[in-house]
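For reference, the structure discussed in these notes is given below.
The values are calculated or read from the model by the stated rules, or taken from the named source; none is laboratory data. Not measured: the values here are computed from a predicted model. We place every Cβ from the backbone using ideal geometry, glycine too, and count neighbours over all the protein chains shown.
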Amino acid sequence: MSDRTKKFLLIIVFIVAILLLAFALYYLFFRQIITPPPVVVTPTPPPSGLPPVAPGVNAPPTIPPLLNIQAGLPTGLPAVPPTPIVPGPEISFQAKGGITSFQTLETDNTKNATLAPNGRDLNYYDAANGFFYTLTPDGQKKLFSATPFPNVQNVTWSPNNQKAVMEYPDGSKIIYDFSQQKSITLPSQWKDFTFSNDSSQIGFKDMRLDPENRYIAVADTNGTNYKQIELLGTEDQNVHISWAPNNQYIAMFSSSTDAARADIYPIGFNGENFTKFQVEGRDFRFAWSPTGNTMLYSVYNAASNYNPSLWAVNTGPSLLGTGRTNLDLQTWADKCTYASNSTAYCAVPRQLDLGSGFRPDFADNTPDDFYKINILTGAKELTAQPIFPTTVDSLIVSQDGKTLYWTEKNTGQIKKINL
């Protein structure tokens, strides 16, 4: 074999070896592995009549139906009725005889609030800072006087709201004219003040040291023209000073006739001999109508469990003492106010303990309701039950009859309710 032939064979062997090596590398590293497709098995439904496959084997769990309570009751028994929903009491924003909301207009301790000349606002004394304010029905207040009067114990307003008698704890008294910003010091022995209807005079008790010199008296608001009206003597506790709107009377004198009754003697300005009238009880208190021709009064006796009983009576000179009507309300006359000659509103305690006539302070924490009274017929109706407990010290009704104000007994706060 020639050398040429040997070289040719070696080349062929080398080429074959290269091809075998390349195939081996491809097979080991680059060949794709072909995964056979999954076999789809179609389930065969069970033969008819056989039970279903048990849960947890190849079937989803079965959810049991809701329990039917009514179906579990014994046959013949009635179905259980649903519990009825009882609605709560209706709360009104206007006095209609039921539970009624109200507003607190002033949270400070006030004294002797009175209706302002416009018939809508209130004037009052703020005991916390000694200033007088005017308060609107929506609770806005402004200074009525820029002059402070610290520590005033009691205030008596004139009908025109331009003057006031101020009494202090040490017994001193002044009369102040807000329009002129002037004050006059009054004698310390004068007490129980009342103003004339034109605000030009004051009536009072002149309590001098000697009982023989004690008088019911009047004077001008500047302290002049002093005039003695009636000897008072030792009857201070039984004489009630109040200038009547009809200018007929300056005071009422109460004289007990027995344990259950008292005679009332009106006292005029000129020694008139007015007819007395009788009341059934003691602790006589009263409130004048706007014209002075009727009054509300309260007394207590055994028949009322010694609690105050409210009455109405005519007080015009020609009808004095007639038309007495028991209004069948247990409250004090000074918790009432006239809205007109024929209509009045009263705060009436919801419950009184036996003997509250002897001890009015028993009712200092008793909630009050409001009643409307027809003075001509004696008819009465519940006007409002305040939504929260409140005890009334004094009532004031606006001139248009739409708002009822009151000063609370224990706090001195001023509140209002819509009529």
Just give me the residues in region 377-406 being exposed (fewer than 13 other Cβ atoms within 10 Å of the Cβ) and closer than 15 Å to Leu327 by Cα, in sequence order. Thr377, Ala379, Glu381
Look through Asp198, Asp177, Asp206 and report the one residue that is touching a Phe, Trp or Tyr at 6+ places or on another chain (Cβ under 8 Å) and either surrounded by 17 or more Cβ atoms within 10 Å (Cβ to Cβ) or under 26 Å from Thr291 (Cα atoms) (or both). Asp206
So if I check each of Asp361, Asp400, Asp393, which one is assigned to a strand (DSSP E or B) and of a type in the set (Asp, Glu)? Asp393
Residues in region 342-351: is at least one crowded, with 23+ Cβ neighbours inside 10 Å, in contact (Cβ under 8 Å) with a residue 24 or more places away in the chain, more than 21 Å from the chain's Cα centre (by Cα) and in a loop (DSSP other than H, G, I, E, B)? no
Boolean, Ala379 is closer than 25 Å to Asn293 by Cα, of a type in the set (Gly, Ala, Ser) and touching a Cys at 6+ places or on another chain (Cβ under 6 Å): no
The condition of being among the small types (Gly, Ala, Ser), touching a Phe, Trp or Tyr at 6+ places or on another chain (Cβ under 7 Å) and more than 19 Å from Ser394 (Cβ to Cβ) holds, among Ser92, Ser101, only for Ser101
Could you list, in sequence order, all residues of region 209-230 that are in a strand (DSSP E or B) and either of a type in the set (Phe, Trp, Tyr) or surrounded by 17 or more Cβ atoms within 10 Å (Cβ to Cβ) (or both)? Tyr215, Ile216, Ala217, Val218, Ala219, Ile229, Glu230
A careful count of residues in region 178-202 that are of a type in the set (S, T, N, Q) and closer than 19 Å to Trp243 by Cα gives 6
For region 117-126, what are the residues that are assigned to a loop (DSSP other than H, G, I, E, B) and surrounded by 18 or more Cβ atoms within 10 Å (Cβ to Cβ)? Asp121
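This table checks each residue for (1) hydrophobic (A, V, I, L, M, F, W, C); (2) in a loop (DSSP other than H, G, I, E, B); (3) in contact with a Cys (Cβ under 9 Å, 6 or more places away or on another chain); (4) modelled with pLDDT under 95.
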| site | (1), (2), (3), (4) |
| --- | --- |
| Ser254 | no, no, no, no |
| Pro266 | no, no, no, no |
| Asn270 | no, yes, no, yes |
| Phe274 | yes, yes, no, yes |
| Phe286 | yes, no, no, no |
| Leu296 | yes, no, yes, no |
Can you find, within region 318-328, the residue that is farthest from Asn301 (Cα to Cα) among those that are touching a Phe, Trp or Tyr at 6+ places or on another chain (Cβ under 7 Å) and surrounded by fewer than 21 Cβ atoms within 10 Å (Cβ to Cβ)? Leu320
Going through region 357-376 in order, the residues found to be of a type in the set (Phe, Trp, Tyr), buried (at least 19 other Cβ atoms within 10 Å of the Cβ) and at pLDDT below 95 are none
